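To start, the structure itself, in structure tokens.
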Amino acid sequence: EMLGRAASRLSASHHRSQIITQLRQLNLQEYQSKGILDRNGCSVQKFVTASSLQEAQEKLKDFKVYEYVVKAQILAGGRGKGRFIEGPKDLGGVHISYKPEEALYATGEMIGRRLVTKQTPKEGVLVEKVMIAEGVTIKRETYLAVLMCREANGPVVVASPAGGVDIEQTAEVSPELIFKEPINIREGMTDEQARRIARNLQFKGDLEEKAAVEIRRLYELFLKVDATQVEINPFVETDDGRVFCVDAKMNFDDNAAFRQREIFEMEDTSDKDPREVAANKLNLNYIGMDGNIACMVNGAGLAMATMDAIKLNGGEPANFLDVGGSVSDEQIMKAFEIITQDANVKCVLVNVFCGILNCATFARGAISAFQNATIPVVVRLEGTNVDEGRRLLRESGLSVITADGLDDAAAKAVAAAANK
């Protein structure tokens, strides 16, 4: 399960038949990942990007190469075999040509169309930018990835001489072609490990050392940028004896955003739930679900228990929302706005256990947030200064439904949602 993009997935919880999956917060487009590789000494092709045909025409005036590779920039794999909705039938998400005018034609046909691949929804993904790269004469394609692995309790290099295809398929059909090299994160990658990985990738002669140098650079980059995965597919050998990182995919640890501000500012949120984007900007953890009872809770464990309690009382949670242990008035108000944007929500269940946070502080923020509530709000408060918090809610004049205990709160929320 640690192969390919599956390595970036986290299972947050499961509720009987329902599974909640939280993805790593940041994914970059290929051209952004290649830029990071280039700035850190890794070998990549020359490339330019364009968001319009006019921009591509300007940039290609000074971009003279033997072969042009035009790639649609979307956050999905399988672009080469993809097809554009209402586009030319012979044009996929990757187009190779030897003439700049043909590259410009492909660029004009890609931008503004929706590309459908095996990893996109059936309606496809809108292409707003393309990358035009220098083609290299590939002699052989391999697969290389550095990723964090729970099983190994640290970084692992996954390598295969069968690159350029789905690594999951290779692992299933030819598992003997998958090599895993755990790296001691304290000692780092040794020269012998780098050369062994290069040999497993079947680089021979002088190319073995060239590949080993690239492998070491990729590992150093992996640590430097707080990545959870750096995937190069394909990692290639060219006819003229060079080694290149041709296609790059990176995932990053969102807990390291404070160290990697420049990288996290590159985030493309076009394919994300806008509620998740808004919550992320406020440092709130939000995952949308299919039910009708919205949850506002402080603490991930308490949020899981709250959703379980809703299920046990015959209801369905509409979201997972953890506001954290030191939430501000503004965050409470914004969190309420986010969860009530869902038209399916018929009731809001607020379940807060205050430790660091003061119940009175939360109550004051909640009173402001709930002023214009048009659906029932069930509130359960416990913890620090709870009596004052309850008094503030009671005397606020708001028609909130108070509850004693988690099960009572869940039962009242389910009943309120049913009556709405």
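The values are calculated or read from the model by the stated rules, or taken from the named source; none is laboratory data. A quick note: this is a predicted structure, and the numbers were derived from the prediction, not measured. Heads up, the Cβs are rebuilt from the backbone with ideal geometry, glycines too, and the neighbour counts pull from every protein chain shown. The accessibility values were calculated without ligands, DNA or RNA, using every heavy atom of the protein model including side chains. Shrake-Rupley method; radii C 1.70, N 1.55, O 1.52, S 1.80 Å.
Annotation: of all residues in segment 296-318 being among the polar types (S, T, N, Q) and crowded, with 22+ Cβ neighbours inside 10 Å, the one that is nearest to GLY389 (Cα to Cα) is ASN298. Of the set (1) over 23 Å from GLU128 (Cα atoms); (2) at pLDDT below 90, all apply to ARG275 but (1).
Residues that are among the polar types (S, T, N, Q) and more than 16 Å from ALA145 (Cα to Cα) within segment 242-264 comprise ASN255, GLN260, listed in sequence order. I need a count of the residues in segment 30-50 that are out of contact with any Leu (no Cβ under 7 Å at 6 or more places or on another chain), part of a loop (DSSP other than H, G, I, E, B) and open to solvent by 30 Å² or more (accessible area, probe 1.4 Å). The qualifying residues number 3. When residues in segment 323-353 are screened for being among the polar types (S, T, N, Q) and closer than 16 Å to LEU302 by Cβ, 2 of them pass.
As for segment 48-61, it holds at least one residue that is within 20 Å of LYS249 (Cα to Cα), of a type in the set (Gly, Ala, Ser) and modelled with pLDDT of 95 or more. Among residues that are within 30 Å of ILE36 (Cβ to Cβ) and either touching a Ser or Thr at 6+ places or on another chain (Cβ under 9 Å) or crowded, with 20+ Cβ neighbours inside 10 Å (or both), LEU321 is not included.
Taking segment 136-160 as the range and being buried (at least 19 other Cβ atoms within 10 Å of the Cβ) and closer than 19 Å to VAL44 by Cα as the test, the residues that pass are VAL136, THR142, TYR143, LEU144, ALA145, VAL146, ALA159. Could you list, in sequence order, the residues of segment 62-79 that are of a type outside the set (Val, Ile, Thr) and either at pLDDT 90 or above or farther than 19 Å from GLY164 by Cα (or both)? Result: ASP62, PHE63, LYS64, TYR66, GLU67, TYR68, LYS71, ALA72, GLN73, ARG79.
Taking segment 383-420, which residues are more than 17 Å from ILE367 (Cβ to Cβ), modelled with pLDDT under 90 and out of contact with any Lys or Arg (no Cβ under 8 Å at 6 or more places or on another chain)? ASN419 - this is the single residue of segment 383-420 that is more than 17 Å from ILE367 (Cβ to Cβ), modelled with pLDDT under 90 and out of contact with any Lys or Arg (no Cβ under 8 Å at 6 or more places or on another chain). Among the residues of segment 92-112, is any among the basic types (Lys, Arg), modelled with pLDDT of 95 or more and more than 23 Å from ALA248 (Cα to Cα)? Looking for residues that are among the basic types (Lys, Arg), modelled with pLDDT of 95 or more and more than 23 Å from ALA248 (Cα to Cα), one finds at least one in segment 92-112, hence yes. The set of residues in segment 278-302 that are over 21 Å from GLU382 (Cα atoms) and either touching a Lys or Arg at 6+ places or on another chain (Cβ under 7 Å) or small (Gly, Ala, Ser) (or both) comprises ALA278, ALA279, LEU282, TYR286, GLY288, GLY291, ASN292. Taken over segment 163-183, the residue count meeting the criterion of being in contact with a strand residue (DSSP E or B) (Cβ under 7 Å, 6 or more places away or on another chain) and not in a helix (DSSP H, G or I) is 8. Could you please let me know if ARG394 is more than 22 Å from ILE287 (Cβ to Cβ), open to solvent by 50 Å² or more (accessible area, probe 1.4 Å) and touching a residue at least 24 places away in the same chain (Cβ under 8 Å)? Here the answer is no, as ARG394 does not meet what is asked. Considering segment 325-351, and only residues there that are at pLDDT 90 or above and among the aliphatic types (A, V, I, L, M), the residue that is surrounded by the fewest Cβ atoms within 10 Å (Cβ to Cβ) turns out to be VAL345. When ILE167, ILE197 are checked against the criterion of being open to solvent by less than 10 Å² (accessible area, probe 1.4 Å) and out of contact with any Leu (no Cβ under 7 Å at 6 or more places or on another chain), a single residue qualifies: ILE197. Counting only residues that are assigned to a helix (DSSP H, G or I), of a type outside the set (Lys, Arg) and open to solvent by 30 Å² or more (accessible area, probe 1.4 Å), segment 216-254 holds 3 of them.
Among the residues of segment 283-295, those identified as open to solvent by less than 40 Å² (accessible area, probe 1.4 Å) and of a type outside the set (Ser, Thr, Tyr) are LEU284, ILE287, GLY288, MET289, GLY291, ILE293, ALA294, CYS295.
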